[in-house]
Amino acid sequence: MTLAGRYTGGGARAIRLKGKVAGKEKEYVFEGKFAEAKTDRDFIAALWARRKVGYLCDQLRLNG
């Protein structure tokens, strides 16, 4: 699983992932440390954008 997104601020943060597994609500919490300033990870924005476009295309195919 690849999870991509945007955030503001930096430092230590809790990352909460909520959803359903086998029809039951689940929540997973991960501890992460985010950069305070822009880093050399410019590829993340492009990765996020490609995933978002793919998701939207899937929604169009499924729901019209």
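The values are calculated or read from the model by the stated rules, or taken from the named source; none is laboratory data. Fair warning: this is a prediction, and the values are worked out from it, not measured in the lab. Note: ideal-geometry Cβ built from the backbone for every residue, glycine included; neighbour counts use all protein chains shown. Surface areas here come from the heavy atoms of the whole protein model, side chains and all, with no ligands, DNA or RNA. Shrake-Rupley method; radii C 1.70, N 1.55, O 1.52, S 1.80 Å.
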Filtering region 1-12 down to residues that are in contact with a strand residue (DSSP E or B) (Cβ under 6 Å, 6 or more places away or on another chain) and in a strand (DSSP E or B) yields Ala12
So, first residue touching a residue at least 24 places away in the same chain (Cβ under 8 Å) and within 11 Å of Thr2 (Cβ to Cβ) in region 36-51, second residue in a loop (DSSP other than H, G, I, E, B) and among the hydrophobic types (A, V, I, L, M, F, W, C), Cβ within less than 6 Å, six or more apart or across chains; the pairs are Leu47/Ala4; Trp48/Ala4; Arg51/Ala4
query: Within region 28-51, can one find any residue that is assigned to a loop (DSSP other than H, G, I, E, B), touching a strand residue (DSSP E or B) at 6+ places or on another chain (Cβ under 7 Å), open to solvent by 60 Å² or more (accessible area, probe 1.4 Å) and among the aromatic types (Phe, Trp, Tyr)?
result: no
